1. Being closer than 18 Å to Glu84 by Cβ and within 16 Å of the chain's Cα centre (by Cα) is the filter here; which residues of the range 20-36 pass it?
2. Could you figure out which of (1) in contact with a Phe, Trp or Tyr (Cβ under 6 Å, 6 or more places away or on another chain); (2) in a strand (DSSP E or B); (3) open to solvent by less than 50 Å² (accessible area, probe 1.4 Å); (4) under 30 Å from Arg43 (Cα atoms) isn't true of Lys148?
3. Tell me, yes or no, whether the range 101-108 has at least one residue that is in contact with a strand residue (DSSP E or B) (Cβ under 6 Å, 6 or more places away or on another chain), closer than 30 Å to Phe23 by Cβ, open to solvent by 80 Å² or more (accessible area, probe 1.4 Å) and at pLDDT 95 or above.
4. Out of all the residues in the range 160-170, is one or more under 15 Å from Gly12 (Cα atoms), among the aliphatic types (A, V, I, L, M) and in contact with a strand residue (DSSP E or B) (Cβ under 6 Å, 6 or more places away or on another chain)?
5. Considering only residues that are among the basic types (Lys, Arg) and surrounded by fewer than 19 Cβ atoms within 10 Å (Cβ to Cβ), which ones fall in the range 55-84?
6. Within the range 134-145, track down each residue that is in contact (Cβ under 8 Å) with a residue 40 or more places away in the chain and exposed (fewer than 13 other Cβ atoms within 10 Å of the Cβ).
7. Those residues that are in contact with a helix residue (DSSP H, G or I) (Cβ under 8 Å, 6 or more places away or on another chain) and either free of Cβ contacts under 8 Å to residues at least 12 places away in the same chain or open to solvent by 40 Å² or more (accessible area, probe 1.4 Å) (or both), I need them from the range 151-174; list them, please.
8. Among the residues of the range 184-206 satisfying the criterion of being outside any loop (DSSP other than H, G, I, E, B) and over 25 Å from Glu30 (Cα atoms), which is most open to solvent (accessible area, probe 1.4 Å)?
Amino acid sequence: MSREIEIKLNLGSFTNYLKLMGFLGQTEKEERHLNAFFDTEDRKLSAAGWALRVRAENHRGLVTIKSIAKETGSAFIRQEIEAEISRSEALDVLALQVDVMDLPVLPVEYLTEKLGQLEVMILVKFENLRQKKFFKIADYTYLLEIDKTEFGDGSVDYELEVELPDTSRLETVEDSLRRMFSSLSIPFETQSESKFARALKRAKVF
């Protein structure tokens, strides 16, 4: 079990997305993510406080379980267990040709141990374009991840995510991002909902 600490900021519009991308300049990497979240028909995973995601990236796949987030300032802290699989395996799971619960990976083993054998289905699927840029704040370099997320209903969200190793420099990073956003005339707005929660709302899955 690891701890994910992220600042998540809502960019609000395509215009603000372009402002930020123009300011940051050439990015180090671009990734396309195909995501699906799974649960049982009676939502056993959600009731237990877990979200199960399978993602296909450019050159790999990921199986991840995440806990409900706790908010600290503009950061969100989650417990997670993640395992890498091949991209082809991830695509097979997303196409429902392979049952995610049959994969011999730690996130699945953890859920099975805690909740027993589960029969899951896809709740929502969506695509994400992620631009990655290293950015120095004080004496540390952080990875900025700028996301353009396309949901199943055709709507698009734009956000910035910054992962932190711990909370000790949270205030410093937050202050630097506030100054950056102010200089670009972008409102500094925390993204309080996960992509999963937003996808559920747009799909009218409750």
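The values are calculated or read from the model by the stated rules, or taken from the named source; none is laboratory data. Only a predicted model underlies this, so the values are computations on that prediction, with no experimental measurement involved. Virtual Cβ from ideal backbone geometry, glycine too; neighbours counted across all protein chains shown. Only protein heavy atoms, including side chains, enter the accessible area calculation; ligands, DNA and RNA are left aside. Shrake-Rupley method; radii C 1.70, N 1.55, O 1.52, S 1.80 Å.
1. Restricting attention to the range 20-36, the residues satisfying the condition of being closer than 18 Å to Glu84 by Cβ are 29, 31-36.
Listed by number, the residues that qualify are Glu31, Arg32, His33, Leu34, Asn35, Ala36.
2. So the condition that Lys148 fails would be (3).
3. The answer is no, given that none of the residues of the range 101-108 is in contact with a strand residue (DSSP E or B) (Cβ under 6 Å, 6 or more places away or on another chain), closer than 30 Å to Phe23 by Cβ, open to solvent by 80 Å² or more (accessible area, probe 1.4 Å) and at pLDDT 95 or above.
4. First pass over the range 160-170, keeping only residues under 15 Å from Gly12 (Cα atoms): 160-161.
Checking the rest, the ones that are also among the aliphatic types (A, V, I, L, M) come to 160.
Subset that is in contact with a strand residue (DSSP E or B) (Cβ under 6 Å, 6 or more places away or on another chain): 160.
So far as the range 160-170 goes, yes, one or more of its residues are under 15 Å from Gly12 (Cα atoms), among the aliphatic types (A, V, I, L, M) and in contact with a strand residue (DSSP E or B) (Cβ under 6 Å, 6 or more places away or on another chain).
5. Start the filter on the range 55-84 by keeping residues that are among the basic types (Lys, Arg), which leaves 55, 60, 66, 70, 78.
Arg60, Lys70, Arg78, listed by residue number.
6. Listed by number, the list holds a single entry, Phe134.
7. Residues of the range 151-174 in contact with a helix residue (DSSP H, G or I) (Cβ under 8 Å, 6 or more places away or on another chain): 151-153, 155-158, 160, 162, 164.
Once the filter is applied, which keeps residues that are in contact with a helix residue (DSSP H, G or I) (Cβ under 8 Å, 6 or more places away or on another chain) and either free of Cβ contacts under 8 Å to residues at least 12 places away in the same chain or open to solvent by 40 Å² or more (accessible area, probe 1.4 Å) (or both), the range 151-174 yields Gly152, Asp153, Val156.
8. So the first thing to find is which residues in the range 184-206 are outside any loop (DSSP other than H, G, I, E, B), and the list is 190, 195-202.
Checking the rest, the ones that are also over 25 Å from Glu30 (Cα atoms) come to 200-202.
Values: Leu200: 30, Lys201: 114, Arg202: 69 Å².
Across the range 184-206, the extreme among qualifying residues is Lys201.
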